[in-house]
Amino acid sequence: MIAKVWLIPLFPLIGVLINGILGAKLEKISKKIIHWIACPAVGLSFLVSWMIFRELLNLPPAHRHFEIVVYNWFTSGELSVNVAYLVDPLSITMALFVTGVGFLIHIYSIGYMIHDEGRYYRYFTYLNLFMFSMINLILANNFVLMFLGWEGVGVCSYLLIGFWFENREFASAGKKAFIYNRIGDYGFILGMFLLFFTLGRKTGIYTFNFSEIFAHVNFIPVSIATIIGLLLFLGATGKSAQIPLYVWLPDAMAGPTPVSALIHAATMVTAGVYMVARCAPLYMHGPFALYVVALVGGITAFYAATMALTQHDIKKVIAYSTISQLGYMFLGVGVYAFAAGVFHIVTHSFFKALLFLGAGSVIHALSGEQDMRKMGGLKDKLPITYWTFLIACLAISGIPGFSGFFSKDMILGKAFENGYYFLWALGTITAGMTSFYMFRVLFLTFHGECRADEEVKKHIHESPPSMTVPMIILAILSIFGGYIGVPEALGGSNRIWKFLQPSFHYGHEKVHIVEHHMSLGVEYLLMIIAVIVAVLGIYIAYLMYVKNRELPEKLAQKYPLLYRLSYNKWYVDEIYEGLIGRPLYFLGQVLWMIWDELIVDGAVRFIYGTVRGVGGALRYIQTGNLQFYVVFLLLGILITIFYIL
Amino acid sequence: MDVIIFFIAVVFAMGSAIMVVGAKNPVHSALWMVSTLFCTAVIYLLLGFDFLAAIQVIVYAGAIMMLIVYVIMLTSIEEEIKRKYKLRLFQIVGIAFIVIFFIQAVRYGMVPLHGWEGLCWKEIPERFGSVNYVALKLFTKYVFPFELVSVLLLAGIAGAVYLAKKEKNKENR
Amino acid sequence: MHSPAVLIFLSLFLFCLGAVGVIVRRNLIIVFMCIELMLNSANFMLVAFSHFLKSIDGMMFVLFVLAIAAAEAGVGLALFVVLFRNKGNIDSFKINILKH
């Protein structure tokens, strides 16, 4: 089955083609056909991924590396770029949860989007197209195919965020997402080409393939490798919403909630982390870039959490939470714990998708209400939603026994172990904030009295099974998904770490960092600190939102500046607009006036004037007088005679 | 003897031609034209082409010029009196070019062949240019152009008749 | 005579005179006559060379040119008549419908 890895992207592609071309007509016949084409497509992809995974497990660790070439895309001189897929532990891990979670969300979407008339097929087409692009991204064995997927998910993100494009704000949110993505992609392309040229000049090898590049990464000077790493990371900040290019993610909540779950929780935003993990040999060769990655990740995690503390829109809180958790992932890969970052990707996909789906369920029940000030008391009316949401909150807070605990603990533990104490501290404080704001959401939404409007109250109902079943499955995964990475300290075998390690070393026997080892005591201490911080966060949230309801108000009045900064997202959007947006617009105006009006139009007017003038002058030859013409005739004859003879 | 006649004829031809171009009255102009043609016919005769000279006088000077006088009478009687002698610019330019041409042509065409040595008539072959000889040539070597010319003349007649026909049901004129 | 110099001179003279006449005169019939003059001058040169090269071909050509001139005169004059009918005058400066 490994040889048939190309089936994984093929199924969604077929889904796109059928639903895209025939969708409009199929929808008129029956909506069922559409989701019966789209969902099984992803399901089959998951099945194939699973089968390949099992085959891979049967092989010894050193042999788990296959590159399957499908066809030769283009060849130019020495460069040859193929459509080829790489099967190794890292890529298959990504493929598993991408297709798995994707499949669950496809099923959820059936219930969520069924009432949208005339657009059902469009939604599933875009969703399948997204899956196709994402799979290409993670399975690619060369930068070019990866970039294809990279751009593809960006496009699908735009299409899906602005899905209800009749609303101007939604359309503009889609544009914003795509533009910030594009800025990042600029960095990615520059990094890609710099890598290509440097490697080519130093070794004479012109290639975009990962294995060839990483085998020769030592030939690249360290400074250049650092720059490449930074440029590629710029692309990652755009795609994975880190500082400075994160501002599109909160606005991206304009799209349907399943879209937020899939793209902005589980898959697209993790593409950046995957890219850094995949290029581990390169980053290890240029350590400064890796340090920047970790730093940006840590700061973003903290920074996003501060903004999540005060938001009123339930989806926005979860969005900021995503940015924050992505910061954790970058922190993980940045401290040389690549497997830890990837582990967090996997667990995060489970509970974050669950959080979004739960929020979607709540919004669906409240007929579209997203403001938490108008929620409350839904615990009894939406039991399944409540319990799954609770499980997700516990997971993200890092409570022992749930998946989030293991992945977060691995990241923070490795950070401390490798000497990044400042980042460890930042991460731990952020963990406290995380548990606080997540439980704030839980308490505001589900506990207390229902503050919804009367009309809305009447229609509150639990979601249909197509929506609740995926949530339940994700809840189970949120609990048990962490057990693949139980550290040795607690008696586990840390399987995921060992599984993923071969992906990060390409024939480098020498490991670049000195592996520290913490004593068992320190490890236990760190775990306990983490748990205490998490529980503290929950307790404070409980105090503020269950026991003493006036506390938030009083705090806000006591520290108005902090509150405003947090609530208004630190005014970053406005800063960008003023610093960059306005000057560019102004520049555009100036250029229009000078270049377009004067020069381009002037050139056209000049030609017009010239033609007119010449025509006007030549007019006078047409006298209509016979003898006038005779003179010219004669002149011509005479000249002919005298010049020829 | 012949030389004297020759030169008189040449002078008369040149003078008549100048009068053709310069005469105010178109009828006068036509008559001077007849004179020019007649003088050329004389020179043809002196050169030994009797048949041609005869044809020239009958056809050219006789039929064609008569036709022209006819049409002058029909059309341009009123034009006699008013004659402004203003020359336009293009006309002056044209005249200049022609003068230049004339000078160049004389210099390159005539002067190399210059020779005023006596006219020698004795070298004219006996039957050269006589009617018999012409007729012989006309019906053997040049029979094809001969036939064609007759067709051409037919076409000319038909065309002229058609062109000048008055439209039916025309009140005025 | 031993050279055709005078004949050539006469021919050229008549030709140029005819050309000048074409340009200068306003009455179209006179313009036509000047054209005939030019034609005649060409005939003359043909005859001259026919005499000097002892070849009858030149003269034969002249015969045909004469016939053609006759046909042309016929048609041309018919045109003048029609023109006069339509315009009322035959002044070349006044016939300028083609003017810009």
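Values in this text are rule-based calculations from the coordinates and carry no lab data. Every value quoted in this text rests on a predicted model; they were computed, and no experiment measured them. A quick note on method: Cβ atoms are made from the backbone with ideal geometry, for glycine too, and the neighbour counts reach across all protein chains shown.
Just flag the chymotrypsin sites (Phe, Trp or Tyr not before Pro) in the range C:52-100 sitting in loop per DSSP whose Cβ has no more than 15 other Cβ atoms within 10 Å.
When the chymotrypsin sites (Phe, Trp or Tyr not before Pro) of the range C:52-100 are filtered for loop state and at most 15 Cβ neighbours within 10 Å, C:PHE93 remain.
Roughly how many nanometres apart are two label points built 7 Å out from the Cα toward the Cβ at B:LYS165 and A:GLU449?
Result for the modelled spin labels: 11.3 nm.
Please determine, in degrees from 0 to 90 and to the nearest 10, the orientation of helix A:89-113 with respect to the longest principal axis defined by the Cα atoms of chain A, where the helix direction is its Cα long axis.
The answer is roughly 90 degrees.
Quantify how strongly other chains surround peptide B:21-29 by giving the mean number of their Cβ atoms within 10 Å of each of its Cβ atoms.
4
Starting from the Cα-Cα distance between A:LEU96 and A:TRP36, subtract it from 0.36 nm times their residue separation and give me the gain in nm to one decimal.
Details: separation 60, 0.36 × 60 = 21.60 nm, distance 2.11 nm.
The A:LEU96-A:TRP36 span can extend by a further 19.5 nm.
For a test of the definition: using alpha carbon positions, the gyration tensor, and the 1.5 limit on a/c, classify the range C:5-87 as rounded, prolate or oblate.
Oblate is the answer for the range C:5-87, as a/c is 1.5 or above yet b/c matches or exceeds a/b.
Step through the residues of the range A:456-469 one at a time and calculate ³J(HN,Hα) from phi using the Karplus curve (6.51 cos²θ - 1.76 cosθ + 1.60, θ = phi - 60°), rounding each to whole Hz and writing x for Gly and Pro.
So the Karplus estimates, Gly and Pro as x, are 5, 4, 5, 9, 5, 8, 6, 6, x, x, 4, 9, 7, 4 Hz.
On full extension of the chain, what length is gained from A:GLN622 through A:LYS175, given 0.36 nm per residue of separation minus the C-alpha to C-alpha distance?
154.9 nm
Highest mean first, what order results for C:31-37, B:59-65, A:620-626, A:558-564 on Cβ atoms within 10 Å?
Answer by packing, highest mean first, reads C:31-37, B:59-65, A:620-626, A:558-564.
Using Cβ counts within 10 Å as a stand-in for footprinting exposure, how do A:TYR126, A:TYR576 rank, fewest first?
Starting with the residue having the fewest Cβ neighbours, the order is A:TYR576, A:TYR126.
Taking neighbour counts of Cβ atoms within 10 Å as a proxy for exposure, in what order, fewest first, do A:VAL5, A:VAL83 appear?
Numbers: A:VAL5 25, A:VAL83 20.
Ranked by crowding around the Cβ, least crowded first: A:VAL83, A:VAL5.
Give the lysines reachable from B:LYS86 as a straight Cα distance under 17 Å; neighbours fewer than 8 places away on the same chain don't count.
Leaving aside lysines fewer than 8 places away in the same chain, those within reach of B:LYS86 are B:LYS24, C:LYS94.
Please work out the ratio of the alpha-carbon Rg of chain A to 2.2 N^0.38 Å and round it to two decimals.
That works out to 1.16 for chain A.
Over all residues in B:132-145, what is the mean tally of Cβ atoms on other chains that come within 10 Å of each residue's Cβ?
Mean shielding count: 2.
Given a Förster distance of 56 angstrom, what is the FRET efficiency for A:PHE642 paired with A:ASP601, based on the Cβ-Cβ distance and rounded to 0.05?
So the FRET efficiency works out to roughly 0.70.
For B:LYS141, go through the lysines and keep the ones whose alpha-carbon is under 20 Å away, minus same-chain ones fewer than eight residues off.
Output for B:LYS141: C:LYS54.
Ordered by packing density, taken as the mean number of other Cβ atoms within 10 Å over each peptide's residues, highest first, how do A:297-309, A:442-454, A:596-608 rank?
Put in order of decreasing packing, that is A:297-309, A:442-454, A:596-608.
Averaged across A:101-110, how many Cβ atoms of other chains sit within 10 Å of each residue's Cβ atom?
Working: counts 0, 0, 0, 0, 0, 0, 0, 0, 0, 0.
The shielding value for this peptide is 0.
For the range B:30-70 and the range A:206-237, write down the distance between their C-alpha centroids in whole Å.
Spelled out, the Cα-based centre of one part sits 104 Å from the other.
Which pairs break 25 Å Cα to Cα here: A:LYS352/A:LYS414; A:LYS32/A:LYS379; A:LYS381/A:LYS408; A:LYS379/A:LYS408; A:LYS25/A:LYS352; A:LYS202/A:LYS498?
The pairs that break the limit, which is 25 Å between Cα atoms, are A:LYS32/A:LYS379; A:LYS381/A:LYS408; A:LYS379/A:LYS408; A:LYS25/A:LYS352; A:LYS202/A:LYS498.
Relative to the longest principal Cα axis of chain A, at what angle does helix A:120-139 sit, 0 to 90 degrees, rounded to 10?
80
Could you tell me the extents of the range A:559-599's C-alpha atoms along the three principal axes, largest first, rounded to whole Å?
Computed over the Cα atoms, the extents are 56, 10, 9 Å.
For A:LEU584 and A:ARG182 in one chain, what is 0.36 nm times their gap in residues minus the Cα-Cα distance, to one decimal in nm?
Computed gain between A:LEU584 and A:ARG182 is 143.1 nm.
What is the sum of charges, Lys and Arg at +1 and Asp and Glu at -1, for the other residues whose Cβ falls under 14 Å from the Cβ of A:ALA3?
Every neighbour counted, the sum reads -1.
Going by how many other beta carbons lie within 10 Å of each one, how would you line up A:THR267, A:THR640, A:THR428, fewest first? Working shown, then result.
Details: A:THR267 29, A:THR640 10, A:THR428 20.
Ordered from fewest to most neighbouring Cβ atoms within 10 Å, A:THR267, A:THR640, A:THR428 come out as A:THR640, A:THR428, A:THR267.
Shape call for the range A:33-96 from the C-alpha gyration tensor, a ≥ b ≥ c root eigenvalues: rounded (a/c under 1.5), prolate (a/b greater than b/c) or oblate?
Oblate, because a/c is 1.5 or more while a/b does not exceed b/c.
About the Cα centre of the protein assembly as shown, how large is the charge dipole given +1 on each Lys and Arg Cβ and -1 on each Asp and Glu Cβ? Please answer in debye to the nearest 20.
That gives a dipole near 1700 debye.
From the helices alone, meaning DSSP H stretches of at least four residues, give me the mean residue ellipticity at 222 nm for chain C, per-run term -39500 (n - 2.57), in deg cm²/dmol to the nearest 500.
Calculated at 222 nm, the ellipticity per residue is -27000 deg cm²/dmol.
Given points 7 Å out from each Cα along the Cα-Cβ axis, report the C:LYS94 to A:LEU561 separation in nanometres with one decimal.
10.2
With unit charges on the beta carbon (Lys/Arg positive, Asp/Glu negative), name the residue among C:ALA70, C:ILE56, C:GLY21 whose Cα is farthest towards the positive pole of the charge dipole of chain C.
Going by the Cα projections, it comes out as C:GLY21.
Out of residues 5 or more away from A:ALA140 or on other chains, whose amide H comes under 5 Å of its own, with H placed 1.01 Å from N in the peptide plane?
Here A:LEU86 satisfy the definition.
Taking a ≥ b ≥ c as the square roots of the Cα gyration tensor eigenvalues, with a/c under 1.5 meaning rounded and otherwise prolate when a/b beats b/c, else oblate, which class fits the range A:146-195?
Oblate, because a/c is 1.5 or more while a/b does not exceed b/c.
Could you give the nm distance between label points at A:LEU390 and A:THR610, where each point is 7 Å from its Cα heading toward the beta carbon?
It works out to 8.3 nm between the two label points.
Expressed as an acute angle from 0 to 90° and rounded to the nearest 10, what is the orientation of the C-alpha long axis of helix A:143-161 relative to the principal long axis of chain A?
Taking the Cα atoms of chain A, the angle to A:143-161 is about 80 degrees.
Return the whole-Å distance between the Cα centroid of the range C:1-68 and the Cα centroid of the range A:387-461.
117
What's the Kirkwood radius of the range A:286-567 in Å, using all Cα pairs?
Hydrodynamic radius (Kirkwood, Cα only) of the range A:286-567 equals 19.5 Å.
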